[in-house]
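K.L.:
Have a look at this one before I ask anything.
We did not get these values from a lab; they are worked out from the coordinates using the rules stated. Quantities reported herein were computed from a predicted structural model and do not represent experimental measurements. Cβ sites come from the backbone with ideal geometry, for glycine too, and all protein chains shown count toward neighbours.
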Amino acid sequence: MASWVSLLLFLFCKSVVRAQEEFTSETPINNVVQDTQTGRIYLGAVNSIYQLGPSLQKQARAETGPKEDSRTCTPPASACQDTKPMPNLNKLLLVHPSNGTLIVCGSRYRGICSLLNLTNVEQQIYYLDTKGERTYVASIEDNVNVVGVMSTYKNEEDTFSVFVVGKGYGSADSTKLISTRILQDYGDWVVFESIIEASTVQTTPFAPKYLHDFRLAFKEGDFIYFLFSRTLDGTDNKNLTFVSRLCENDPHYYSHTELQLNCGPNNRYNKVQAAYVASPGKELARVLSGSSNDNDSALCMYPLNIINEQLVDIISACYSDSGKISGFPAVDIPYSSKTDEFCTSKISVSASCGADFLPSPLASKPRFALKADAMWTTQGLLTAVAVAVENDHTVAFLGNSQGEVLKVHLTAMPNIVSPQVHFLIIFHVLTPQITKVPVQTCLQQKDCQSCVELRDPYCGWCVLEGRCTRRSECRRAEEKNGWLWSPKHQCVKIISFHPPNLSCKKTQKVQSCFSSLSSLSSSLFLSFCSLLLFLSLSLALQNTNSLECGAKCPQFENPDPGLIPVGYKTRISFEGINLDLYQVKIIQCFVLFPSAVTLYNCSVGREDCSLCKNADTKYSCVWCAKQKACVYEKLCNPDQQGSEYPYNTDCPDPLITDIIPRFGPMQGGISITIKGSNLGIHRQDIKSITVAGEPCVHQEEKYSVSTSVVCEIGPIDPQTEHWGQVEVEVKGGKRGTSSMYFTYRNPRPEAVKPSRGPKAGGTLITISGLFLDTGRFLFSIIVIPTKAQFCFNSVSSFDIYLYSYMCFTVLCVFSGGRNIVVTGSGFDLIQTAVMEVRRDNMTAFEVRVSSICFTVPYDYQPSVQLSNVNLSLQGRGFSKAMTNKEAQAFVGDVPCLVNTLQDDKLFLDPPSTPPRSQKCHHNYPEPKIKFGKGEWVVGSVQYEKKNDLSLYIIIPAVIVPMLLIIAISVYCYRRKSQQAEREYEKVKHQLENLEESVRDRCKKEFTDLMIEMEDHTNELSEGRIPFLDYKTYTDRVFFLPSKDGANDVMITGKLDIPEARRATVTQALNQFSNLLNSKTFLINFIRTLERSHDFNARAKVYFASLLTVALHGKLEYYTDIMRTLLLELMGDYVHSKNPKLMLRRSETVVERMLCNWMSICLYQFLKDSAGEPLYKLFRAIKHQIEKGPVDARVKKAKYTLNDTGLLGDDVEYSVLTLQVLVQSEGPDVTSVKVLNCDTISQVKEKIIEQVYRNQPYSQRPKVDSVTLEWRPGSTGQILSDLDLTSQKEGRWKRINTLAHYNVRDNATLVLSRVLHTHQNYDQNQENHEERNALLEDDKVFHLVRPADELDEIKSKRGSIKDKSMTKAITEIYLTRLLSVKGTLQQFVDDFFRSVLCSGAVVPPAVKYFFDFLDEQALKHNNVDEETIHIWKTNSLPLRFWVNILKNPHFIFDVHVSEVVDASLSVIAQTFMDACTKSEHKLSRDSPSNKLLYAKEISTYKKMVDDYYKGIRQMVPVSDQDMNTHLAEVSRSHTDKLNTQVALHQLYQYASKYYDGIILSLEEDPAAQSKQLTLRLQQIAAALENKVTDL
């Protein structure tokens, strides 16, 4: 019989030759896995999971689809719209044997996985779709491959089972390529959650363009390997094959290293299609590589040890040789935008599994790809591969896209001997099918020559048995020439034979000569001799006519021995008859004659040692340890046995293969069957049995030798573990432990339908619940007098209420037909109603539809009288047989109502008019009565005639007056209504006129502003908002508030480093950057600085900003550090301080890091959404302020929002339109509106802004760099703020204005640049230095003099009255604040809506951080909703938006004057007030700024609350999505920042606090293991040019 190997090829096809074992699925098959312990096979198909037995027989099926889903749906599906039934493709199938589950991941519901029972996949153990994106594993895209491998994860306390997943990119999927998924709930982790938040494999934002296509994941030793294809750098679509390796105990993937694999000449076969890891040999047979045009494929093989060696070379080159091998660059960092050198030299650290401070991930350059020759090539696309080793020969089984299975013998020298191909089965694409096919068909070859010509490593000629078999099936195949295989061996041939014939009557020696006999010649000679003797006898008998010879043929009887073991050469003695006729004395042969001899085989039925030892002693069977089989005692060589006497051999430890059942109740009391081998020989051999650590009582009467033990479990303590392994101890102290687990659990019956039933029983009930398959499905129902209890293994019960029978008596008419209504309770309990009818003493019978009852007959009067409009019938027995509702009465054919029914009378309501009826008695209608099915006609009815004339008179007399009254009432009502409506319209018109008048007055200022800002709006629509670039934005946000301001080294980017040391410093700074990427070092660095007393708040802010720039290239890592520090800060505030004060001020490094993080993440949101309304608000404030006088000296204005900046005098002014000509820029004249009270500098600013409005502020000329010349006539006059003509008032000098120079409307002015050379303009003008000296005079004013600096005369008088009057007059002008506020209201509202509208686009960073705060708040009992609100306010509105609102020049290229800044501060304060939860109680003494927006504060507060609530209800932003966003920001902007300068500045802090940092690192064991102290010392030596002994 052909042998099978465990090779399962699944193809979407069906064989033309009927296979012996196959299974056809209803849908295409995606994945196949096998449980090695049980042999079960699991198929992952479209919409189904199949469980098959080892012979492919179907055992169970779980339906997984189609499911209601949509591509944009976020589970659960019940919350989605526009769903439709969609197929569920199986993406991943993994066996988790330790807890008996099957991991199933499909394409529906964003790739959520489930756990199924390995013993029955129809039982779903776990599925949950409400935990969000962190549990999404697979892909919803059909063409995205997912691979996985089981692994373990260890933390400080526990070890968990996990599976590591490699997944390509789908447009609607998470972009994380590699993830580790936990298989149990632990802490904050849930089942299937990715336990690695920010991995070092920074592939996420680049996955789409690298086109990853995973094909295999496997574990070997301490490493996990992934095999995939991808593009080289995202710029070329050509796929290349890579193998990546990471350490199994590396939770952050620091060790992830990729090695390119080339197959064939010039890497012709570049894309991996399938893979197989062969054992033994440990060679990675990668790979059916397909070429780029899919026209041909090849098989290449790579030794795994060579792969590991080359990966080690790549890692070592990066860590210690600057990324070079033999002088050539060998190392690349994929998925990164970094262009600087990342592999720095002289890192004296041994980290085979990487580290957080070392570069990662790594990949080989194409020059150092691992190359392999194609072992075998073919046309077409190969799609599957499996490799087997048979007799030291490697055989590959290949499947192609045409549905063919190919068998390829891979020789050791492929260039010399071409591989042989054998088509096992040819398939046609018809149905999805899995087939188990034999890998060889040796027995089909009937002779040696055809067997050898197969050249198949599986088939050879077994010489002794004369058949074509596998080597393992040939007895004595180990002896030389016992099993012949091509191409080395030749078949046995008879060269000579003498004599050529032999008579049956003559005995003679036969001489034969054979080829290829060698050591088997003697045995073969005897065998063939015996065979020839037998044939000769047969021929002789046939040639002598069977007369003499037939009567006296030799006979053999009483063989000794009678029992002969198979496989052992045994001498047999016979008692012979008629042997003297042939002169044969002794015949020696191998049982060639039919006789009473019994052959036996010790191994049959005795598969293990215990069964072998239990065999009858007459067979002499012993257990041979070397052969691991039960054999005849003389077939077991003592050298193999390991002892002199084989009967002394100890049996191996017991092996447990199955536990039935695997679930039992907590109270115990059930029997479990333990199956296996070597479970003792006698029942007394079982010494102890434990189940999940609890003793189990052995039931000896049910013991089966070696194979089965039955025991009864006892109760278990609910506080202990409820599951565990089964252990059996047998005689001799040997123990066997099961690989599967037994679980104690109670069944949980939840419902019974129906829940009540009749007391007599007979009700069928259905019991539903959980875990009802616990134990051996034993249950009982215990009935007590008033209720029944359902008991399952005596652990759970609930009530079933019962009712008794009811008996009653009913009288019916003889003819039947009466409906019997039985009233009572409990009839809803009856499932099948049956009524028993009895009459007198007659036998009872049952009826199901109609009742049959009996009563006395009726008597009727023949005459009927009609009196009082009632019809009366007389008789008897009416009330006993019927009720008035059951009786039916007719007069003629017209039915009438039965009013009263008495025992002897029946009263009817006849029709009011005589009915028309054909059945009449003397032309009178006849009354007819129906009781049930009986019918009676009684006499006739005679009607009297009546006069109806009065009715025709009464009706009109009543109706006509009523209609007249109604008409008059309607007329009066309509008239009154019209009059009221006219009055209402009149009042409404008056109110509208009044409202319109008020509206016009209120909108006047606003309309003027909108008209005047029309040009600015047009500029905005043309995209002219002067946004700063990212670098300038971050420089201003991070470093402009520093003590050096715009001259800060981080803004200028200038480092004073000698050229000779620049290369050394750069290299050392790169090493310092790697050191900062060590979380252990950075946390110690920050903690050391914050513990220092001289590390003040300003230094903390500056340090955090430097750190933000230095780590900008790895914002995911920066975020992880920030989260760690925030958790520490939160713990401090929650446990020892007031939690509401957290994040209020930048008192720690992490608080400033958070501010910078928000600034980075919201930059794009500013440009896309909030920037435009903010810029409009800024322009509107600036325009409104400049519309009125602005005092250039005291920085106060007529139109402002700030009461402290309000101009306290009513200054007279007029609007002038100037015609400005810009010198050297053409003849074009620009019209500019100014005020005649403006200073010359203010006029210059307005002119520059109008003339250069299309340029950002930084590119415009400054006021001091231009001069303004007025040309009233033929001569010109230079205008200046102060000159010799300036007006003096006592000791005060007024700044010159246009009114001072008497400039008129439409005057022409010339704007020109100041020359660099010193020159005089006019005799009445001073030079530039003199003007500045005049401006610096303290006794200079513009519009009003300061109130606290009155003339000395008034000061000496101490005129308190004048001072109080000045203050009173100032308060009068506060009404202007309302005017400005009303004008700007729309712009303020627009900005608030753009920032506080959760319905629009919300930055992912905001949602991510707010969810983080919510999540942490739940872990602390003393954090309420108000505290969470304050945390969110402190982290976003106060820390970011207020900063941007008060400093528009942080995001725009504009100039913010002090007057504009004062108004922006009012709006910023309003924004802050809106974000607080406390109520603001206002009074007459409240500041004007608070009163100004008092009415709107409540609206703004509601906007903030709705904003926070809306964000909380949004779909969570996963760590993967946030990391993707941060990685994209890093990639886009890092190269533009002064990273080297930031590192240099950071090192200054490290140098300043060097001793404290070294001490902190030496006290940290983690830092010690990573040699961080040594690395810092090396960096210090390089940067500070020190000579050390390091």
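K.L.:
Taking the Cα-to-Cβ direction at Ile953 and at Ala760 and moving 7 Å from each Cα, how far apart do the two end points lie in nm?
P.N.:
7.2
K.L.:
Among rounded, prolate and oblate, which fits the stretch 1026-1106 when a ≥ b ≥ c are the square roots of the eigenvalues of its C-alpha gyration tensor, a/c under 1.5 means rounded, and a/b larger than b/c means prolate?
P.N.:
It comes out oblate by the Cα gyration axes.
K.L.:
Something else now. I need the GluC sites (Glu not before Pro) found in the stretch 1113-1222, filtered to DSSP loop residues with at most 16 other beta carbons within 10 Å of theirs. Intermediate values should be presented prior to the final figure.
P.N.:
Numbers: sites: Glu1116, Glu1128, Glu1147, Glu1151, Glu1186, Glu1212; in loops: Glu1147, Glu1212.
Counting only loop positions with at most 16 other Cβ atoms within 10 Å, the GluC sites (Glu not before Pro) in the stretch 1113-1222 are Glu1147, Glu1212.
K.L.:
How many nm separate the modelled label positions at Gln1386 and Met1514, each set 7 Å beyond the Cα in the direction of the Cβ?
P.N.:
Going from the Gln1386 label point to the Met1514 one covers 2.8 nm.
K.L.:
Here's another thing I want to ask about it. So if I average 1/r over every pair of distinct C-alpha atoms in the stretch 1121-1228 and take the inverse, what Kirkwood radius in Å does that give? Before the final figure, lay out each step's value.
P.N.:
Details: mean 1/r = 0.0519 Å⁻¹.
Here the Kirkwood hydrodynamic radius works out to 19.3 Å.
K.L.:
To continue, here is another question. Tell me the label-point distance for the pair Val1263, Ala833, using the 7 Å Cα-to-Cβ offset, in nm and rounded to one decimal.
P.N.:
10.2
K.L.:
Using the Cα centre as the reference, give the magnitude of the dipole from point charges on the C-beta atoms of the stretch 100-166 (Lys, Arg: +1; Asp, Glu: -1; all else neutral), rounded to the nearest 20 debye.
P.N.:
80
K.L.:
What share of all Cα pairs of the stretch 1471-1544, in percent, falls into each consecutive 5 Å distance bin?
P.N.:
It works out to 3, 12, 13, 11, 9, 9, 10, 11, 11, 7, 3, 0, in whole percents.
K.L.:
Given a Förster radius of 30 Å and the C-beta distance between Glu1059 and Tyr1554 as r, what FRET efficiency does 1/(1 + (r/R0)^6) yield to the nearest 0.05?
P.N.:
Efficiency, rounded to the nearest 0.05: 0.70.
K.L.:
Further, regarding this structure: Is the shape of the stretch 1168-1255 best called rounded, prolate or oblate, per the rule: a/c under 1.5 gives rounded, else a/b larger than b/c gives prolate, else oblate, with a ≥ b ≥ c the square roots of the Cα gyration tensor eigenvalues?
P.N.:
It is oblate, given that a/c is not under 1.5 and a/b is not larger than b/c.
K.L.:
Then there is this: Out of residues 5 or more away from Leu1298 or on other chains, whose amide H comes under 5 Å of its own, with H placed 1.01 Å from N in the peptide plane?
P.N.:
Close amide H contacts, sequence-distant or interchain: Asp1238.
K.L.:
Please give me, ordered by residue number, the trypsin sites (Lys or Arg not before Pro) of the stretch 1059-1142 that lie in loop per DSSP and have at most 14 other Cβ atoms within 10 Å.
P.N.:
Loop-located and lightly packed - Lys1137.
K.L.:
What are the semi-axes of the equivalent ellipsoid of the stretch 1435-1580, taken as the square roots of 5 times the eigenvalues of the Cα gyration tensor, listed largest first and rounded to whole Å?
P.N.:
44, 22, 19
K.L.:
Okay, moving on. Calculated FRET efficiency, Ala1097 and Ser1569, Cβ-Cβ r, R0 41 Å, to nearest 0.05?
P.N.:
Efficiency, rounded to the nearest 0.05: 0.75.
K.L.:
With only Lys, Arg, Asp and Glu charged, each at its Cβ (+1 for the first two, -1 for the last two), find how big the charge dipole of the stretch 1145-1257 is about the Cα centre; round to the nearest 20 debye. Numbers along the way, then the final one.
P.N.:
On the way: 15 positive and 15 negative charges, 32 e Å.
Dipole size: approximately 160 debye.
K.L.:
For Thr159 and Ala1046 in one chain, what is 0.36 nm times their gap in residues minus the Cα-Cα distance, to one decimal in nm?
P.N.:
Contour length minus the Cα-Cα distance gives 313.9 nm.
K.L.:
Suppose every Lys and Arg Cβ carries +1 and every Asp and Glu Cβ carries -1, with no other charges. What dipole size does the stretch 1397-1544 come out with about its Cα centre, to the nearest 20 debye?
P.N.:
Computed charge dipole of the stretch 1397-1544: roughly 280 debye.
K.L.:
Work out the charge dipole of the stretch 1470-1536 with +1 on the Cβ of Lys and Arg and -1 on the Cβ of Asp and Glu about the Cα centre, then indicate which of Val1517, His1533, Tyr1507 is farthest towards its positive end.
P.N.:
Tyr1507
K.L.:
Along the charge dipole of the stretch 1378-1437, pointing to its positive end and built from +1/-1 on Cβ of Lys, Arg, Asp and Glu, which listed residue (Trp1431, Ala1405, Gly1382) has its Cα farthest out?
P.N.:
Gly1382
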